[in-house]
1. In degrees, nearest 10, range 0 to 90: what is the angle between the Cα axis of helix A:19-32 and the longest Cα principal axis of chain A?
2. How far apart, in nm, are two points set 7 Å out from the Cα along the Cα-to-Cβ line at A:ASN251 and at A:LEU601?
3. For the stretch B:27-149, give the magnitude of the charge dipole about the Cα centre (Cβ charges: +1 Lys/Arg, -1 Asp/Glu; no others), in debye to the nearest 20.
4. Relative to the longest principal axis of chain A, what angle (0 to 90°, nearest 10) does the C-alpha long axis of helix A:2-17 take?
5. Set the Förster distance to 22 Å, then compute FRET efficiency between A:LEU231 and A:ASN405 from the Cβ-Cβ distance, nearest 0.05.
6. Could you list, in their original order, any pairs among A:LYS200/A:LYS603; A:LYS275/A:LYS476; A:LYS41/A:LYS457; B:LYS62/B:LYS84; A:LYS89/A:LYS352; A:LYS372/A:LYS409 whose Cα atoms are separated by more than 24 Å?
7. With a sphere of radius 11 Å drawn around the Cβ of A:ASN230, what net charge do the other residues whose Cβ falls strictly inside it have (Lys, Arg +1; Asp, Glu -1)?
8. How much net charge surrounds B:GLU31 when only other residues with a Cβ under 14 Å from its Cβ are counted (Lys, Arg +1; Asp, Glu -1)?
Amino acid sequence: MFRTILMLGLMSRLLFADTIDTLLEEYQSTAENSLQTINEKIGHVVIYSQKEIRLMQYRTLNDILKELPLFNINTNQFGLTNYSLTGSKTTTSGFFRFFINDHEISSGYDQSTSLSWSDLPLDFVDHVEIYYGESSFSFGNETGIYFVRIYTKSALKEDGSEIATWFSSKTGHSQSITNSQIFENGWSYLLFANQEKIKKKTLYNQQKLTSNGTKHYLFADISNETSKINLGYTDITKGNYTGLALDATPNDGENISKDFFLNYTHFLLEDKSLKANFSFDVNERSYEEINDQGINITPLITLSMPWSIPKNFEEDLRFTKSNAYVSKSFESDKNALILALNVKHKTYDVLKRKSTNFLNQTNEIDHYNSFKRETISSVLLQESYQLKEDLLVVANAKIDYYDRNAYLKDTDEKLLRIGAIYTPTPHFGFKAFYTQTALPPSFYNVDYTKKNAVNLKSQRYNFYTLEAVYTEGNSKFGLTFDHVEIDDFLYQTPIGFVNIDHTIKTDGLIFDYEYSFSKRDKLHLNYYTSTLSEQINNSTKGGFIKLMGGYQKFDYFTSLIYRNGYDYLGLDIPDSFDVSLGATYHVTKDLSYSLKASNILNKSTQSLYFTNFGSNAFALDDNDRSITFSFKWVF
Amino acid sequence: MKALYLSLTLLHLCYAEHYTFLVQPYSKEIELEAKIIYEIASASLKEDITLFIPNISSMEEKVYTNYFTLTQECEKANFIFINKTEEMPPCPSTKKRLFFTNNYRKLLSNKHFFGALFWNKSRPNIVFSQKRLEEKAMTLPQNFHQFIENF
């Protein structure tokens with residue numbers, strides 16, 4: 001007994017010798033774990049903390065997303081990164097909602113982030129949360145089945161400047177600057193600017209496909225305790241890659257996009273339980289392509305008149321989104337209720353659209369159809385109730401009313417979700433959700449609908465998810481199962497979009513294991529497998545092994561990302577093993593140099609491309625083998 | 001006893017890396033902030049501490065009450081931590097009533113504050129003003145001397 005007390009006393013003295021320093025280190029380390037914004041009630045969440053982003057040398061959002069289970073990341077025909085559900089490959093995807101803080105950044109045209117925001121640099125990002133779940137129940141935004149929340153760094157924690165840059169042996173180079181300051185009156189700002197040169201070149205049929213270009217990003221956050229103003233701008237100018245060319249090798253072309261948003265959030269009442277949010281987005285995009293073998297612009301082609309095929313095409317389009325959201329939360333010991341209203345207005349304008357066909361006739365074309373305005377009004381409710389100390393139940397309901405100016409009928413969608421989180425012991429936890437949601441057709445879906453097809457309908461998703469977590473000591477095991485049924489899936493055939501007339505079913509199982517050797521060193525294993533009721537044209541199994549850590553002034557990591565191979569239309573797509581490793585040397589607390597080798601085995605994932613209205617398919621590597629040097633200086 | 005409690009909590013923190021689900025609002029950062037403020041207040045005052053945080057949130061109240069006697073009135077407090085955008089409370093700073101802030105610029109410009117706990121370049125920092133410590137005839141323990149700046 002005496003010995004125990006003596007030991008505790010000694011330990012306490014030892015700890016107290018530097019208690020304040022230890023506490024400060026602990027405070028920093030806890031902040032770097034980035035758990036302060038997590039919301040377990042809205043889905044199954046994966047967190048990429050500030051610490052992990054630093055140790056793993058994630059430079060862009062895609063470095064993170066390419067690891068995600070039940071998720072495929074490919075290069076689309078425009079040379080842009082695009083996200084697809086397991087087993088499938090889409091050209092533009094609307095299943096995923098992306099947020100920078102409170103602002104949803106998907107395109108007003110096709111619901112995708114590919115063109116403007118897909119390869120977002122992480123120099124101004126604090127942490128990223130990825131949820132398997134429906135965000136619109138909580139944030140009132142448009143529907144989706146996964147969502148990615150990107151939290152930017154806070155001026156309150158930075159209050160300084162940072163210069164970061166990287167140079168890659170293959171993929172280009174980037175320069176970023178961040179500046180932030182806190183004022184005495186409680187206001188603070190954070191400014192971020194980035195320029196990136198993109199290099200992407202591939203050979204197909206002895207012809208060079210290029211997606212070279214330039215990207216710029218500007219972001220500003222101006223905040224105090226109750227208000228948050230976010231401004232974002234990005235532009236990209238790049239080559240077309242395979243573009244829309246019927247032979248997948250355009251003679252010439254260019255893709256330009258400019259995106260701007262303003263988002264204002266204000267919290268009212270003493271307990272900040274009343275939240276108002278207003279936002280405005282404008283996106284201008286231009287597309288030009290010249291191809292002697294023809295260009296596949298679905299709405300302009302009549303297959304019985306081959307001369308109608310364009311060989312020269314250019315268009316300038318403008319899209320706007322205006323959004324207003326107000327929510328009130330009511331909280332008691334056991335109960336949390338959120339009531340909200342959301343109104344979004346979207347417009348689509350054609351500034352210029354011109355096409356020259358095989359008879360050398362040049363036509364000025366306005367809208368392909370009369371659908372150019374849409375207002376979505378939503379009422380939503382989230383109720384969570386602590387039934388027992390270890391059991392929380394969650395229920396969501398949402399009604400969306402779609403008011404369209406023409407072409408598509410006005411519709412309403414009734415969405416719901418129920419779930420429970422059960423934590424019988426501190427080591428065991430279970431989480432389950434049933435979600436019913438609908439994804440309506442976008443302007444893009446309607447523009448590229450199959451000719452003479454009936455009007456497109458909303459895709460209806462029913463999904464069941466179950467997650468079990470067990471922690472023991474320094475280990476954490478996770479198992480997640482999902483079953484998804486999709487009615488009226490919007491599928492892009494080579495001659496346009498159609499609703500699939502039967503139910504598509506997919507099941508997925510994810511196994512996850514983490515072991516923390518210390519606060520800095522971690523091993524992370526993940527494996528998933530899935531089934532799809534349709535013919536697959538993308539990977540259905542995958543996983544990763546990641547080891548990250550540090551020793552004195554060095555950080556290091558190594559990772560292997562696996563995706564299985566598959567056969568499609570006689571093409572044998574091999575397994576992919578993307579191995580990367582890297583190290584960072586911290587010269588001082590403020591200056592670091594990093595080296596990273598990516599895709600060392602040169603066994604990248606591959607993406608499928610088609611020629612002549614889908615009659616032939618071929619595959620190209622998504623990533624090159626490369627070495628990247630980067631440095632970061634904080635001052 | 002508090003020292004033992006703090007030591008055990010620190011030991012626990014060293015190993016508590018994993019969690020199942022974070023169902024309850026996450027309070028670990030506020031908990032660490034409270035512990036640091038407790039260390040600072042204990043080192044600065046040689047008497048029991050009564051803390052006043054203007055406009056204290058319910059989460060802060062829940063956490064800080066484990067370490068301090070809290071008060072809603074500035075006059076009854078001997079340690080005042082201003083961590084929000086607030087006008088200075090209407091009670092004077094005296095030798096027995098200390099003002100602390102989480103804003104470095106406020107510390108520089110307002111002589112009522114004798115120190116600050118704030119973030120800079122993603123790192124938490126503590127700074128005490130030597131002049132103001134002298135004015136209040138305060139002596140801090142040896143392990144706090146590294147935080148004293150010459151202004």
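Values quoted throughout were computed directly from the atomic coordinates according to the rules given, and no laboratory measurement underlies them. Keep in mind the model is a prediction, meaning the values are calculated, not measured. FYI the Cβ positions are ideal-geometry reconstructions off the backbone, even for glycines, and counts take in every protein chain you see.
1. That works out to roughly 20 degrees.
2. 4.4
3. That gives a dipole near 380 debye.
4. Value to nearest ten degrees: 60.
5. It comes out at approximately 0.15.
6. Violating the 24 Å limit, Cα to Cα: A:LYS275/A:LYS476; A:LYS41/A:LYS457; A:LYS89/A:LYS352.
7. Computed value for this residue: -1.
8. Summing Lys/Arg as +1 and Asp/Glu as -1 gives -3.
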